[in-house]
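Chemist: Structure provided below as structure tokens; questions to follow.
The values are calculated or read from the model by the stated rules, or taken from the named source; none is laboratory data. Given the structure is predicted, the values throughout are model-derived calculations rather than measurements. Heads up, the Cβs are rebuilt from the backbone with ideal geometry, glycines too, and the neighbour counts pull from every protein chain shown.
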Amino acid sequence: MENYIEELVGEYYKTQGYFVMTNYWIPFKSARNRTQKGKEQNYQAQSWTDVDVLARNDDELLIIQVKATINQKKVADKINQYFDRVEQFLKDGYTPDGKTTISWWTENCKIRKIVVYEDKHSPPSYKKILTEKGVETVFFGDFLKDIMNYTESKIGATEGNAVMRFLHFLNEQKLLSSRVEDDKH
């Protein structure tokens, strides 16, 4: 499913010289419990999750998840679990088929885990749960400011992404205020 924030974050990193993939689906095993014929059973089940944005340049690999809000401890814990799963998948170095190597994604680079959130009112206590595990938290408005500055500096609209072309058009026609208010977050 397309998400405008994922698209814009991906485009932002493309303008910064990153190779970008969005909505990359990966497998993982999850522990599950069930009761069958009166007996508790624990088992491993195959599940899937998608990486919202993967961005790679010469020095780093960015694993980016987009969230509307980080407003509960269980949301922060699930985000941490998500990043653990994705990082393990990438370190294993194989595509979902288990045969094709993708070890180049993680070779000779720093891995950064980033969650981009939309709600500026996400409480600092829940964001702290993430930062304590090495996850960067970034307010989407900060990306939007940089994207708008980028579209202001462009002459002509050569971007291949429809959203970026549309923002450039709106900016060029003076139909959009290019200044995003600074918010304390």
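Chemist: Quick check: anything in region 27-40 of a type in the set (Lys, Arg) and modelled with pLDDT of 90 or more?
Modeler: no
Chemist: To continue, here is another question. State all residues of region 119-132 that are surrounded by fewer than 16 Cβ atoms within 10 Å (Cβ to Cβ) and either of a type in the set (Ser, Thr, Tyr) or touching a strand residue (DSSP E or B) at 6+ places or on another chain (Cβ under 8 Å) (or both); if no residue qualifies, say none.
Modeler: 120, 125, 131
Chemist: Right, something else. Could we say that residue 138 is out of contact with any helix residue (DSSP H, G or I) (no Cβ under 6 Å at 6 or more places or on another chain), surrounded by 14 or more Cβ atoms within 10 Å (Cβ to Cβ) and either basic (Lys, Arg) or closer than 14 Å to residue 65 by Cβ (or both) here?
Modeler: Numbers: out of contact with any helix residue (DSSP H, G or I) (no Cβ under 6 Å at 6 or more places or on another chain): yes; surrounded by 14 or more Cβ atoms within 10 Å (Cβ to Cβ): yes; either basic (Lys, Arg) or closer than 14 Å to residue 65 by Cβ (or both): yes.
Taking the combined requirement at face value, the residue satisfies it.
Chemist: Shifting gears a bit: What are the pairs with Cβ atoms under 8 angstrom where one residue, in region 110-131, is over 23 Å from residue 4 (Cα atoms) and the other, located anywhere, is of a type outside the set (Asp, Glu) and surrounded by fewer than 14 Cβ atoms within 10 Å (Cβ to Cβ)? Sequence gap at least six, or different chains.
Modeler: Once the first residue is over 23 Å from residue 4 (Cα atoms) and sits in region 110-131, its partners that are of a type outside the set (Asp, Glu) and surrounded by fewer than 14 Cβ atoms within 10 Å (Cβ to Cβ) give 126/72; 126/73; 129/73.
Chemist: Something else now. All but one of (1) modelled with pLDDT of 80 or more; (2) of a type in the set (D, E, K, R); (3) surrounded by fewer than 16 Cβ atoms within 10 Å (Cβ to Cβ) hold for residue 152; which doesn't?
Modeler: Status for residue 152: all satisfied but (1).
Chemist: Confirm whether residue 145 is without any contact (Cβ under 8 Å) to a residue 40 or more places away in the chain, assigned to a helix (DSSP H, G or I) and under 23 Å from residue 19 (Cα atoms).
Modeler: Yes.
Chemist: Checking residue 2 against (1) under 21 Å from residue 114 (Cβ atoms); (2) touching a strand residue (DSSP E or B) at 6+ places or on another chain (Cβ under 7 Å): exactly one of these is not met. Which one?
Modeler: (2) is the only condition that residue 2 fails.
Chemist: Considering only region 22-29, I want to know if a residue exists there that is over 16 Å from residue 116 (Cβ atoms), charged (D, E, K, R) and touching a strand residue (DSSP E or B) at 6+ places or on another chain (Cβ under 6 Å).
Modeler: Yes, because at least one residue in region 22-29 is over 16 Å from residue 116 (Cβ atoms), charged (D, E, K, R) and touching a strand residue (DSSP E or B) at 6+ places or on another chain (Cβ under 6 Å).
Chemist: Among the residues in region 27-49, are any closer than 30 Å to residue 148 by Cβ and surrounded by 12 or more Cβ atoms within 10 Å (Cβ to Cβ)?
Modeler: Checking region 27-49: not a single residue is closer than 30 Å to residue 148 by Cβ and surrounded by 12 or more Cβ atoms within 10 Å (Cβ to Cβ).
Chemist: Looking at residue 70 and the list (1) touching an Asp or Glu at 6+ places or on another chain (Cβ under 6 Å); (2) more than 16 Å from residue 26 (Cβ to Cβ); (3) surrounded by 12 or more Cβ atoms within 10 Å (Cβ to Cβ), which single condition is not satisfied?
Modeler: The single condition residue 70 does not satisfy is (1).
Chemist: List the pairs whose first member sits in region 41-58 and is over 13 Å from residue 13 (Cβ atoms) and in contact (Cβ under 8 Å) with a residue 40 or more places away in the chain, whose second member is outside any strand (DSSP E or B) and not acidic (Asp, Glu), and whose Cβ atoms are under 9 Å apart, counting only residues at least 6 apart or on separate chains?
Modeler: Close Cβ pairs satisfying both conditions: 58/17; 58/108; 58/109.
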